[in-house]
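Peer 1: Provided herewith is a single structure, encoded as structure tokens, for subsequent inquiry.
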Amino acid sequence: MKAEARIRFPLSVDISGKKVLIVDDVTDTGDTLKLSIGYVQSLNASEIRTAVLQHKTCSSFVPDFYGQKIIRWRWIIYPWARYEDLAGFTKRILEDGALDVSRIIYELKDRHGLEVGEKEILEILHDLAERKEIEKTEVDNLVKWQVRMK
Ligand SMILES: O=P(O)(O)OC[C@H]1O[C@H](OP(=O)(O)OP(=O)(O)O)[C@H](O)[C@@H]1O
């Protein structure tokens, strides 16, 4: 589930009277751009336009410019968000029970069509473990990973 859009880092420059182009990678619900427009308006920009790489037609907001229209909803993994997306999918997969690395790789391919190498997934697993979100266990001499018990 996606978190609610919010302004985390207010602008530190004066944009009053300026023409502003807001650029994002994608519109999904449209909430991010709606919020951004409201925020930029509150700073008295004179004109506002919006642009995204990919616009999903389910979005309640239609940007002024987009590179591609996505009609059939799908999750899009951008190179700059691959790590974050993989970590999220991996955690969700582990919610179904403890799994070893090769099974996690299999599930990522099966459920999400993702090709992931062992080195890449191990780095993510170790990071999630360091953040205490998952933990390593050993079952019958097999190393498995599971969501950390609270
Ligand atoms: O139209 P919306 O439903 O608002 O979705 C679009 C937003 O979602 C993604 O960001 P994400 O929520 O992953 O936040 P982040 O870029 O801060 O990680 C994306 O980069 C857009 O900013």
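Peer 1: Does at least one position in the range 98-106 carry a residue that is surrounded by 12 or more Cβ atoms within 10 Å (Cβ to Cβ), small (G, A, S) and assigned to a loop (DSSP other than H, G, I, E, B)?
Peer 2: Scanning the range 98-106, I find at least one residue that is surrounded by 12 or more Cβ atoms within 10 Å (Cβ to Cβ), small (G, A, S) and assigned to a loop (DSSP other than H, G, I, E, B), so the answer is yes.
Peer 1: Is the range 69-90 home to any residue that is among the small types (G, A, S) and touching a strand residue (DSSP E or B) at 6+ places or on another chain (Cβ under 7 Å)?
Peer 2: No, the conditions are met nowhere in the range 69-90.
Peer 1: Filter the range 12-30 for residues that are among the hydrophobic types (A, V, I, L, M, F, W, C) and more than 16 Å from the ligand (Cβ to nearest atom); which is most open to solvent (accessible area, probe 1.4 Å)?
Peer 2: V13
Peer 1: Under 8 Å between Cβ atoms, which residue pairs at least 6 apart in sequence (or on different chains) link something in the range 77-100 that is more than 26 Å from E138 (Cα to Cα) with a partner that is in a loop (DSSP other than H, G, I, E, B) and away from the ligand (no atom under 16 Å from the Cβ)?
Peer 2: I77/L114
Peer 1: Sticking with this structure for a sec: State all residues of the range 48-96 that are in a helix (DSSP H, G or I), over 26 Å from G38 (Cβ atoms) and open to solvent by less than 80 Å² (accessible area, probe 1.4 Å); if no residue qualifies, say none.
Peer 2: Result: R82, D85, L86, A87, G88, F89, T90, K91, I93, L94.
Peer 1: Does the range 41-57 include one or more residues that are among the acidic types (D, E) and within 13 Å of the ligand (Cβ to nearest atom)?
Peer 2: No, there is no match, as no residue in the range 41-57 is among the acidic types (D, E) and within 13 Å of the ligand (Cβ to nearest atom).
Peer 1: Then there is this: Return the pairs, sorted by first residue and then second, in which the second residue is open to solvent by less than 40 Å² (accessible area, probe 1.4 Å) and near the ligand (Cβ under 6 Å from one of its atoms), the first residue lies in the range 20-31 and is part of a strand (DSSP E or B) and at pLDDT 95 or above, the beta carbons are less than 7 Å apart, and the residues are 6+ apart or on different chains.
Peer 2: Within 7 Å, the pairs are T27/S59.
Peer 1: I would also like to ask the following. Test each condition in (1) open to solvent by 40 Å² or more (accessible area, probe 1.4 Å); (2) near the ligand (Cβ under 9 Å from one of its atoms); (3) under 30 Å from D127 (Cα atoms) for K34 and report the one that comes out false.
Peer 2: Among (1) open to solvent by 40 Å² or more (accessible area, probe 1.4 Å); (2) near the ligand (Cβ under 9 Å from one of its atoms); (3) under 30 Å from D127 (Cα atoms), the lone unmet condition for K34 is (3).
The values are calculated or read from the model by the stated rules, or taken from the named source; none is laboratory data. Because the structure is predicted, anything quoted here is derived from the model rather than measured. With ideal geometry, Cβ positions are generated from the backbone for all residues, glycine too; neighbour counts draw on all protein chains shown. To get the accessible areas, we keep the full protein, side chains included, count just its heavy atoms, and leave off ligands, DNA and RNA. Shrake-Rupley method; radii C 1.70, N 1.55, O 1.52, S 1.80 Å.
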